[in-house]
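Colleague: Quick one: this structure, given as C-alpha cells, is what I'll be asking you about.
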Amino acid sequence: MMLIRHADDRGHANHGWLESFHTFSFADYSDPRYNGFGPLRVINEDRVQPGKGFGTHGHRDMEIISYVLEGELAHKDSMGTGSVIRPGDVQRMTAGTGVQHSEFNHSKTELVHFLQIWLFPSKPNLQPAYEQKTFSAEDKRGKLKLIISPDGRDGSVKINQNAEIYAAVLGAGESVMHPTTHERKLWLQVARGAVRANGEALAVGDGAAIAYDDKVTIESTADSEVLLFDMIGRA
C-alpha cells in the first residue's frame, strides 16, 4: 500500500530569508492528515538566504537530523558543538532533556538548501548528544547506503529510535530494491530528480508512505537522490 504526498500539496512558508516546504504539520501549518508517519515527525525542505539563519532556540525529546543538498550550514549548540555541514554530511542531534542551538547559512553569497528531519526518540529525557559523519556521492551511488541506524552499524550515524535511513544517488534507469516486512513502515523522500516507486511516479519533493508490502523497488527516471526511512512503531 502506498500513499503519495505530492510536493505541491506540502505546507509552505516564505519568510524572505527562509523558504520552507513542510511534508508534515509544522509551526503555523497544520493538516490533521499529515502529522507524521510512525516515529517520523518532520521533513522540512529549507532554503536559507546567504548569511541568514535560525537564531538560538531550544528543543527537547527529539532526534533532529540535517541533510544538506547544496551550500553550507553552520551549527552551534549548548553542548559546545560547532560545525559546518556540507553536501554529503549527515548530522544528528539528540535534544533529550534540552538543547539550545542555532543554524545559519555559512556563505555570504550562496543559498543553503537542506532537509530538516525530526523523529521522536525511543524514550524521553535522554542525555543530549551530537554526531556528524560524511557519506560521499560515491558512497551512495547506485545503492541504498545506510546512513542512520539504531546501532550505528556499517559506519552509520546512530539514532535513538528503531529507524534506519538509507540514501541513494541514482542515474537515469538505475534501480534499487529494499526488502521489508508488514510490521515496518517505509517513507520515501525524493530529494532530487524523479523516480518510480513500486511503479508509481514520484517527482522532486514528493514523498510516499509505504506499508504492508514485502519490498519497495525504486527506479530512477532522471538523475536522482532519495532518502528511504525504514521504521517500526511510534515513540
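Please treat every number below as a calculation from the coordinates, not as lab data. Every value quoted in this text rests on a predicted model; they were computed, and no experiment measured them. Quick reminder, even Gly has a Cβ in these numbers, built from the backbone with ideal geometry, and neighbours come from all protein chains shown.
Colleague: Could you give log10 I(q)/I(0) at q = 0.16 Å⁻¹ for the stretch 149-235, computed by the Debye formula over C-alpha point scatterers of equal weight, without solvent?
Modeller: -0.61
Colleague: Ok, one more. How big is the dipole moment of the chain about its Cα centre under a simple scheme where the beta carbon of each Lys and Arg is +1, that of each Asp and Glu is -1, and everything else is neutral? Debye, nearest 20, please.
Modeller: In debye, rounded to 20, the chain gives about 440.
Colleague: Among the listed pairs K140/K185; K52/K143; K108/K158; K123/K143, which are separated by more than 28 Å between their Cα atoms?
Modeller: K52/K143; K108/K158; K123/K143
Colleague: From the Cα gyration tensor of the chain, with a ≥ b ≥ c the square roots of its eigenvalues, which class applies: rounded if a/c is under 1.5, or else prolate if a/b is larger than b/c, or else oblate?
Modeller: rounded
Colleague: Another question, if that's okay. Loop-only check: which trypsin sites (Lys or Arg not before Pro) in the stretch 80-139 are DSSP coil with at most 16 other Cβ within 10 angstrom?
Modeller: Filter output for the stretch 80-139: K108.
Colleague: Would you kindly calculate the mean projected area, averaged across all directions, of the convex hull enclosing the Cα atoms of the stretch 10-135, in square nanometres? Please list the in-between numbers first.
Modeller: Details: hull surface 30.0 nm².
Projected area, direction-averaged: 7.5 nm².
Colleague: Another one. I want to check the label-to-label distance for A211 and S102. Put each point 7 Å from Cα in the C-beta direction and report it in nm to one decimal.
Modeller: The answer from the label model is 4.1 nm.
Colleague: Please give the calculated 222 nm ellipticity per residue for the chain, where each DSSP H segment of at least 4 residues contributes -39500 (n - 2.57) and the sum is spread over every residue; nearest 500 deg cm²/dmol?
Modeller: One gets 0 deg cm²/dmol as the mean residue ellipticity at 222 nm.
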